[in-house]
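The values are calculated or read from the model by the stated rules, or taken from the named source; none is laboratory data. None of the values given here were measured: they were computed from a predicted structure. Here the Cβ positions follow ideal geometry from the backbone for every residue, glycine too, while neighbour counts run over all protein chains shown. Surface areas here come from the heavy atoms of the whole protein model, side chains and all, with no ligands, DNA or RNA. Shrake-Rupley method; radii C 1.70, N 1.55, O 1.52, S 1.80 Å.
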Amino acid sequence: MLTINLENQIALVTGVSSGIGAGVAKMLAKAGCHVAGCGTRSPSSEGAQQFVNTVKTTGSQAHYFQVDVTKEEELKMLVTATVKLFGGIDVVVSNAGQNVFKGALECSQEDWAFNHNLNLKSHWCLSRFASPYLKNSQNGALIIMTSNHAFTSMPGCFPYNVTKTALVGLVRSLAIEWGPDIRVVGLAPGFIQTAGGEAWFERFVNPADEKNRTMRLHPVGKLGTVEEVGAFCAFLASDFGRFITGTTYLMDGGRSALMQDDSK
Ligand SMILES: NC(=O)c1ccc[n+]([C@@H]2O[C@H](COP(=O)([O-])OP(=O)(O)OC[C@H]3O[C@@H](n4cnc5c(N)ncnc54)[C@H](OP(=O)(O)O)[C@@H]3O)[C@@H](O)[C@H]2O)c1
């Protein structure tokens, strides 16, 4: 049986209090990682507690830090506290992010700065702070969460799509500068089932119809799950991913392969 074995590896995952980050933490833990995670919610919040409990259920250790990844001092603390607690860092999944969905004309300077600080700069800063520890690891892997919006987009998804496209360049630069010690891989999920995804459908007059229409846009006939994204991260961080760096993987259920006029 082929098994992804990350036993006793230390993973640092940002944005574990909901959505994709929670799924990544769960699957890395299932593969054997101890997981440090963060979000801005308090450690007593439901999302933070759920993260800790889910990881601990697998037999791995977990620690949640209340950290705003846009604040450099807090990011530095996240990295040093993780190393102090667990003894090192082998895997980083830099995942925390948010949508700012505006038109290019209506997007304000504040919107632009907010989204670039969170969705672009914070990934660079975390990568830099974690790099000495990843370098010390025998298998340093850095996975940066971008989006299918890095490849195709739609009107009104600005500047989110700009930040996610820029991450593809960040992945390339870090991979070529930090190899062979650290592998750097981008992951670009398409529509993943999360609370935010459900909220998107709720904006339509008939949310169920819109969800069915969206699913039909995917040749796989469904939306993605956070566990599927997490399992791919585990694979990328494992020995099976040793020949993979400097690239960004689109994981979109085939949506971008389907011509837009063929969506029945
Ligand atoms: N869901 C999708 O379909 C999809 C598709 C493509 C890409 N993505 C990307 O995947 C990542 C996760 O998205 P998601 O859908 O899982 O969103 P989500 O459910 O809203 O989760 C976002 C996570 O990021 C954390 N976060 C947000 N701002 C933060 C900050 N300043 N400091 C620390 N943590 C922060 C949140 O924690 P708190 O709430 O505790 O602050 C939360 O845990 C994002 O980078 C997103 O762009 C998602």
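Some observations on this one:
- Residue tally, condition without any contact (Cβ under 8 Å) to a residue 60 or more places away in the chain, surrounded by fewer than 23 Cβ atoms within 10 Å (Cβ to Cβ) and under 19 Å from Ala25 (Cβ atoms), over region 138-148: 0
- Residues that are touching a strand residue (DSSP E or B) at 6+ places or on another chain (Cβ under 7 Å), in a loop (DSSP other than H, G, I, E, B) and touching a residue at least 60 places away in the same chain (Cβ under 8 Å) were ranked within region 149-196; the one that is least open to solvent (accessible area, probe 1.4 Å) is Gly190.
- Cys33 being modelled with pLDDT of 95 or more, surrounded by 16 or more Cβ atoms within 10 Å (Cβ to Cβ) and out of contact with any helix residue (DSSP H, G or I) (no Cβ under 7 Å at 6 or more places or on another chain): yes
- Scanning region 91-104 for residues that are open to solvent by less than 30 Å² (accessible area, probe 1.4 Å) and either under 16 Å from the mean Cα position of the chain (by Cα) or of a type outside the set (Gly, Ala, Ser) (or both) yields Val91, Val92, Val93, Ser94, Asn95, Ala96, Val100.
- Looking only at region 74-90, and only at residues there that are more than 14 Å from the ligand (Cβ to nearest atom) and among the aliphatic types (A, V, I, L, M), the one that is nearest to the chain's Cα centre (by Cα): Ile89
- Number of positions in region 47-73 that are within 12 Å of the ligand (Cβ to nearest atom) and among the hydroxyl-bearing types (Ser, Thr, Tyr): 2
- Where a residue in region 218-247 is in a loop (DSSP other than H, G, I, E, B) and its partner, wherever it lies, is within 13 Å of the ligand (Cβ to nearest atom) and acidic (Asp, Glu), with Cβ under 9 Å and at least six apart: His218/Asp252
- Test: residue in region 3-17 that is touching a residue at least 40 places away in the same chain (Cβ under 8 Å), open to solvent by 90 Å² or more (accessible area, probe 1.4 Å), in a loop (DSSP other than H, G, I, E, B) and more than 9 Å from the ligand (Cβ to nearest atom): yes
- Contact map, region 61-88: first residue farther than 19 Å from His116 by Cα, second residue hydroxyl-bearing (Ser, Thr, Tyr) and surrounded by fewer than 20 Cβ atoms within 10 Å (Cβ to Cβ), Cβ cut-off under 7 Å, separation 6 or more or different chains; pairs are Gln66/Thr40; Gln66/Ser42; Gly88/Ser137.
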